[in-house]
Amino acid sequence: MKLPYPLPVKEIAERIGASLIIGDDSIKATGLNEIHKVEHGDVIFSDLEKYFEAALKSAASVIILNKESSCPPGKAVLVVEDPFEAYNSLVKAFRPFIPLTANVSESAIVHHSAVIEPNAVIGHHAVIGQHCHIQANAFIGDYSVIGDYVNIQAGALIGTHAFYYKRSSQQAHKKWHTGGRVVIGDHSEIGAGCTINAGVSGDTSIGAGTKFDSQIHIGHDAVIGRDCLFAAQVGIGGNTTIGDRVVIYGQSGIAQNLTIGDDVTVLAKTGVTRNLQSGKTYFGSPAEEVTVKFKQLASLRQLPEFMRQFNKSVSETENP
């Protein structure tokens, strides 16, 4: 998420109660992010020493840690007791919970040509482009950005909280406060009852021209390419990137943190647990190229007869 203004590192240190600033104390941060989405100017955190090096070598400008550490040039390290709580407090400060008091927030920007049907809800600072059609009972969450000529069907939920938790030493699950957005490209269609989670700190992005059937779920920070086609009950895990012109048939599931190449086809009821190469068709659980999987299934159909013949052969050998 981008900050509303460049935030001096000394002000960040004061806000989170940092005991020490290491490195360049003249830096101004421009955003807050998790490490897999980080950009120059961002603030990130790490509370496990084994990940310190990755955090320090990332594009981040300000790194919140719970121990003193050497700091690369052009960066600043802030030392606090609980980096997660410190980071979360910053997100809450700049994305505070503000309850809605009207169906369309006064801070939302809705193009005059857009059609907003009864009982649709448009959140704070959301942007709705020209000639959009938001059907009855749809929900567009805070800071969501909907492009031009987008159709969002009845009951769709756009920009719901990220399902992202940190497990504490007491085994409790502490929720990351959602600071990201959903961004939907022009000429897209979101079917009835779809749910699209906002990014934790970055964007969940749906590319231009992409079409969703009903009851599809898109996890936090997922990036869906242009001109994709997803059938009903597809589920996409958080932080997964899907290329352009990908077709996913019904009831298929894509795990988190994966990369699916361009022009991939995923057949119905497929379970994807690894990256998929561009231009291929996949099937099965776990997913494999369709020709390989169909050969496996053909072999399995022959297995009972094979076992019958094998057992018969063994019996004849043992009892001549």
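The values are calculated or read from the model by the stated rules, or taken from the named source; none is laboratory data. Worth saying up front: this structure is predicted, and the values here are computed from it rather than measured. A quick note on method: Cβ atoms are made from the backbone with ideal geometry, for glycine too, and the neighbour counts reach across all protein chains shown.
Just one residue in the set L90, L100, L78 is outside any helix (DSSP H, G or I), out of contact with any Ser or Thr (no Cβ under 9 Å at 6 or more places or on another chain) and either in contact (Cβ under 8 Å) with a residue 24 or more places away in the chain or polar (S, T, N, Q) (or both); that residue is L100. H111 falls short on exactly one of the conditions (1) at pLDDT 95 or above; (2) at positive phi; (3) not aliphatic (A, V, I, L, M), and that condition is (2).
Among the residues that make up region 229-243, is at least one of them on the phi < 0 side of the Ramachandran plot and in contact (Cβ under 8 Å) with a residue 40 or more places away in the chain? Before you say what the answer is, go through the steps one by one.
First, the residues of region 229-243 that are on the phi < 0 side of the Ramachandran plot: 229-232, 234-238, 240-243.
Add one more test, that the residue is in contact (Cβ under 8 Å) with a residue 40 or more places away in the chain, and what stays is 232, 238.
Scanning region 229-243 turns up at least one residue that is on the phi < 0 side of the Ramachandran plot and in contact (Cβ under 8 Å) with a residue 40 or more places away in the chain.
Restricting to region 174-215, and then to whatever is touching an Asp or Glu at 6+ places or on another chain (Cβ under 6 Å) and of a type in the set (K, R), can you tell me which residue is farthest from G123 (Cα to Cα)? The qualifying residue farthest from G123 (Cα to Cα) is K211.
Being outside the structural domain of K175 (by TED's automatic domain parsing), modelled with pLDDT of 95 or more, under 20 Å from the mean Cα position of the chain (by Cα) and surrounded by 14 or more Cβ atoms within 10 Å (Cβ to Cβ) holds for only one residue in L90, L78, L65, L32, and it is L32. Scoring Q171 on the criteria (1) at pLDDT below 95; (2) within 17 Å of K37 (Cβ to Cβ); (3) not in a strand (DSSP E or B) leaves a single failure, condition (2). The set of residues in region 120-165 being more than 20 Å from S201 (Cα to Cα), assigned to a loop (DSSP other than H, G, I, E, B) and among the polar types (S, T, N, Q) consists of Q130, Q135, N137, Q153.
Filtering region 196-255 down to residues that are assigned to a loop (DSSP other than H, G, I, E, B) and of a type in the set (K, R), which residue is nearest to I35 (Cα to Cα)? Show your work before the answer.
Step one: list which residues in region 196-255 are assigned to a loop (DSSP other than H, G, I, E, B), which gives 198-202, 207-210, 213-216, 219-222, 225-228, 231-234, 237-240, 243-246, 249-252, 255.
Checking the rest, the ones that are also of a type in the set (K, R) come to 226, 245.
Details: R226: 25, R245: 28 Å.
Among them, the one singled out is R226.
Scanning region 62-71 for residues that are closer than 20 Å to N88 by Cα and either in a helix (DSSP H, G or I) or touching a residue at least 40 places away in the same chain (Cβ under 8 Å) (or both) turns up V62, I64.
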